[in-house]
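Just so it is clear, none of the values below were taken in a lab; they were calculated from the coordinates. Everything numeric in this text was worked out from a predicted model, so none of it was measured. Here Cβ is always computed from backbone atoms with ideal geometry, including for glycine, and neighbour counts include all displayed protein chains.
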Amino acid sequence: MLIEFTFTNYRSFRDETVLSMEAAGLRSLKNSLIRLNSKTSLVPSAAIFGKNGGGKSNVIRAFWLAVQFIRNAQVTQHADDKVPVHPFLLNDYSASEPTAFNFVYTFQGIKYWYSFAATEERIVSESLYHAPNGQKALVFQRDGQKYKFTSAKSRRKLIAEVVAENQLYFSVASMMNDEDCISAMTWFRDCVVFSRDYADMPTQLVKFAEDQTMLNAIRTYAKSADVGIEDMQFEINSREIPVEKLPEEMPKGLGQALAQLMETLTSSNVRSAAKFSRNEVKTTSMHQGINRSGERQTYPLGLDDESDGTRRLMSLAPGIESALNNGGLFLIDEIDRGLHPLLVKFFVSRFQSKETNKNGAQLIFTTHDIELLNLEILRKDQLYFVDKDQADGASSLYSISDFVTKTSENIQKGYLVGKYGGIPELDMAEVD
């Protein structure tokens, strides 16, 4: 579970920015909280509001970039590759300063602190702490290419020797079977999920082809959303393609490389691997209609024939169910895009309710849906705003908890009149 995410010098955010999931001492909606220990509880959701161009999507982008780099740095980073950071560019100094990311989280009852800072050329600093026995202890600390270890020193020094200056020690050590790093890495790899677009639905369906529970969940979401779908059918076919029958339109170099790979596998007596598997997905939704005789009957429609909102609904369903089932973290940019406000409320409430969120799942999302500001399903410490300073172009993230507000205060109205910032300044034409 995420406790806190901090980042600095990323895109429109110049200064240190903190997104905390730690619950404040509020009395409202206490039953929705995730109890971490006797002193600390976490909120299951965080909603980020703000004007267009203010930078709220960059909060999700920062999280995504850091997680993807952590997951893949040992594979994707070659000797001359740049580190994929994107510093603040609206001054004459931030571009040369490090971009920093820091995660505080728990996984399987152990608390972790992981952070790294980097320029495009190299990793400037990196560290991992954990608390397997309740006390914070160092796993490794890095300053440039200098390392500090407190246990398993010999093995970890050997790992450090193969870590390039543009790679993360955390990623390489996990690949080289460092148990402490593997345990800490599992949360990033298995528990953090980002929303996918409709174009990625076939990939998701192939992934869940053998998971009848997940396919049933997609059906249930489609039917519960009152979009006219009575049922859904999934047809997922996998067929093997011999290497000699690769598509003719495949680039020559890629085809030759794949052929050489298959030849190597075949010569190693791994003949079953000398074929590629091609997955094809056909999704059909069943809608109610009336036949020529006036009788009710269901008719099939392809997913391409559904509305953008329906397709958006079904593209979010796998991630939501995966997070709820596994106690993971789901991040969505513009959760309300193409969706009715009641559907947004339906999604958020699944994380807020103990009936549907039994495993401590969390949701972080950006939105323009001001109905969520009415405090019916979200607490004040779950409401964040992003605003951009017009003078220097820097975005800032802050919580409604940073303001002194009365219990009875109308947050929704206060936001619309600009009390908390994060809204566009418009010269509205008068309408007679």
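Scanning the range 17-37 for residues that are within 15 Å of THR106 (Cα to Cα) and of a type in the set (S, T, N, Q) yields SER20, ASN37. Residue count for the range 84-141 satisfying the condition of being part of a loop (DSSP other than H, G, I, E, B) and surrounded by fewer than 17 Cβ atoms within 10 Å (Cβ to Cβ): 18. Residues in the range 22-41 that are surrounded by 14 or more Cβ atoms within 10 Å (Cβ to Cβ) and in contact with a Lys or Arg (Cβ under 8 Å, 6 or more places away or on another chain): ALA23, LEU26, LEU29, SER32, SER41.
Which residues, counting only those in the range 146-161, are assigned to a strand (DSSP E or B) and either free of Cβ contacts under 8 Å to residues at least 12 places away in the same chain or exposed (fewer than 14 other Cβ atoms within 10 Å of the Cβ) (or both)?
LYS146, LYS148, PHE149
When the range 286-341 is filtered for residues that are hydroxyl-bearing (Ser, Thr, Tyr), surrounded by fewer than 21 Cβ atoms within 10 Å (Cβ to Cβ) and within 15 Å of TYR221 (Cβ to Cβ), the ones remaining, listed by number, are SER307, SER315. State which residue pairs qualify: first residue over 27 Å from ALA47 (Cβ atoms) and inside the range 57-86, second residue in a helix (DSSP H, G or I) and aliphatic (A, V, I, L, M) in any location, beta carbons under 7 Å apart, and separation of 6 or more residues or different chains. Taking only residues 6 or more apart or on different chains, the pairs are GLN74/VAL172; GLN74/MET175; PRO84/LEU65.
Would you confirm whether any residue within the range 367-388 is within 21 Å of LEU2 (Cα to Cα), assigned to a loop (DSSP other than H, G, I, E, B) and among the hydroxyl-bearing types (Ser, Thr, Tyr)? Yes - at least one qualifying residue is present in the range 367-388.
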